[in-house]
Amino acid sequence: MDPKEHWENVYGTKAANAVSWYRAHLETSLALIERAAPEHSAAIIDVGGGASTLVDDLLARGYKNLTVLDISQAALDVARKRLGSASQRVHWLAGDVTEVSLPAQAYDVWHDRAVFHFLIAPEQRAAYVQQALHATKRGGHVIVSTFGPEGPVKCSGLDVMRYDAEALHAEFGARFRLVESSKELHQTPFGTTQQFLSCYCRVE
């Protein structure tokens with residue numbers, strides 16, 4: 001099963017709040033985005049945003065230039081339906097982040113919670129980093145969250161990578177200056193915990 005088929009199946013058969021990565025509000029992401037982009041006119045892309053409520057919370061805080069990218073159209077449809085008429089204020093983009101056409105130097109903030117750790121092949125990770133470099137403005141910020149070193153080795157039936165801050169930052173390279181990193185324990189809807197690592201970088 002190719003990645004798109006896998007994720008279409010996940011979001012076509014499970015409720016948005018019945019997947020392990022669900023969180024009612026992404027508090028860590030919201031705090032970092034508000035630090036990185038205090039101006040509500042900032043252009044923000046949520047990579048793998050799918051059915052996440054992050055876009056709802058960003059709209060509620062007054063952000064006006066939002067893009068949600070996900071490989072699954074079904075996931076995007078969940079979010080659009082939930083937002084109702086407010087969904088018209090968001091740019092929705094269905095595609096694989098390693099392949100999709102993105103505008104150059106367009107975004108002040110590139111945010112990804114839980115996509116990068118699914119990229120097992122080095123060439124996939126290299127393509128992702130090139131996309132982030134291409135699409136994020138100089139002086140913009142990249143916020144990426146993955147499973148930490150004590151996180152699970154599989155998610156949604158797929159193998160994943162686990163990172164500490166040094167290893168994750170090394171994947172991105174010198175153009176991405178690490179501002180800070182942090183770890184948190186995510187409580188899944190099933191009562192288990194998963195360690196996440198967040199790295200917050202500035203594009204030089």
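Readers should treat all values here as calculations from the given coordinates under stated rules, not as data from a laboratory. Keep in mind that what you see is a predicted model, and the values were worked out from it rather than measured. Ideal geometry is used to build each Cβ from the backbone, glycine not excepted, and the neighbour counts take in all protein chains shown.
Relative to the current alpha-carbon distance between R61 and S182, full extension at 0.36 nm per residue lengthens the span by 41.2 nm. Sorted on the mean count of surrounding Cβ atoms within 10 Å across their residues, most packed first, peptides 127-136, 178-187, 142-151, 110-119 read 110-119, 142-151, 127-136, 178-187. Where only DSSP H runs of four or more residues are counted, the chain gives -9000 deg cm²/dmol as its mean residue ellipticity at 222 nm, each run worth -39500 (n - 2.57). With the highest mean first, a sort of the peptides 101-108, 162-169 on other beta-carbon atoms found within 10 angstrom per residue produces 162-169, 101-108. Here the Gaussian network model covers the chain, with springs between Cα atoms less than 10 Å apart; of A74, A37, A60, A60 fluctuates the most.
With both labels modelled 7 Å from their Cα along Cα-to-Cβ, the H40 to T192 distance reads 4.0 nm. Overall, the anisotropy analysis places the chain in the rounded class: the square-rooted eigenvalues a ≥ b ≥ c of its C-alpha gyration tensor yield a/c less than 1.5.
Beta-bridge orientation, segment 1-131: approximately 0 percent antiparallel, per DSSP, counting only bridges with both partners inside.
A simple count of charges around V179, restricted to other residues whose Cβ falls under 13 Å of its Cβ and scoring Lys, Arg +1 and Asp, Glu -1, yields +1.
Label reach from E204 (point 7 Å along Cα→C-beta): in segment 26-63, no amide nitrogen lies under 15 Å. Of interest is the spacing of the C-alpha centroids, which for segment 111-143 and segment 175-204 amounts to 14 Å. Taking 7 Å steps out from each Cα toward its Cβ at S156 and A106 produces label points 2.2 nm apart. About its Cα centre, the dipole of segment 49-157 is roughly 340 debye, where the only charges are +1 on Lys and Arg Cβ and -1 on Asp and Glu Cβ.
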